[in-house]
Amino acid sequence: MTNYPLDLLFKFSIVPQISVTDSSGQQIAYVKQKLFKLKEAISVFSDETQTNISFKIEADRVIDFSAKYNFYDSSGGNFGAVKRQGLKSILKAHYDIFDGNNESPTLDIQEENSLIRLADGCLNQIPIVGLFMGYFLNPTYIVTRPDGTPVMRLLKMPAFMEGKFQLQKLAEMDKAEEDRVLLSVVMMTLLERTRG
């Protein structure tokens, strides 16, 4: 059983890396994005030693605004995916989460306030000012079921020159759903962190 909230901390390095810890401070995942790949490829390890791969995330096509990112478990089985909703995500991040059937979305991630994204994106373009915006403009994202029931919330925490997020559980979910949400949130933060 996972102890929520989870903290996601981007490590400051050339290769995007995220450490995921639970509320007791125990590391439950270590994420490493591969550089110089035409198609996104992300490995999710059980810890920072990077000896055991728990999951892989792979894009279904070369970098694209509306690519679908498939989730594979340690045995290579596909158990879900996340897809950015292209035009809907221009002003307000919007992603669909799919289960292993990949037919219709089972969960949805949306940014709660698009004005924060707009302000953050504009102010980050100003030298010096952009360095400090991570303390003041912090977006939140809500994960919901198709009927609108909120199940998790992702908060960007105040941080200087690094990304720090917290994932809060709002409703009961099974382990497979929790894993899909965590992988979706990881993929979303990797895509959104460069967009303001």
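Any read-out appearing in this document is the output of simple, stated calculations on the displayed coordinates, not a laboratory observation. Please read all numbers here as calculations on a predicted model, not as lab measurements. Because the Cβ atoms are built from the backbone with ideal geometry, glycine has one as well, and the counts that use them run over all protein chains shown.
Here's the list of aspartates and glutamates a cross-link from residue 11 could span, going by alpha-carbon distance under 12 Å and ignoring same-chain residues fewer than 8 apart: 48, 162. Of the peptides 75-83, 142-150, the ranking by mean beta-carbon count within 10 Å, highest at the top, reads 75-83, 142-150.
Annotation: amide H of residue 163 within the under-5 Å range of 10, sequence separation 5 or more or interchain, hydrogens built in the peptide plane. Cut-off under 21 Å on the C-alpha distance; same-chain residues fewer than 8 positions from residue 39 excluded. Which lysines are left, in chain and number order? Those lysines meeting the cut-off are 56, 68, 83.
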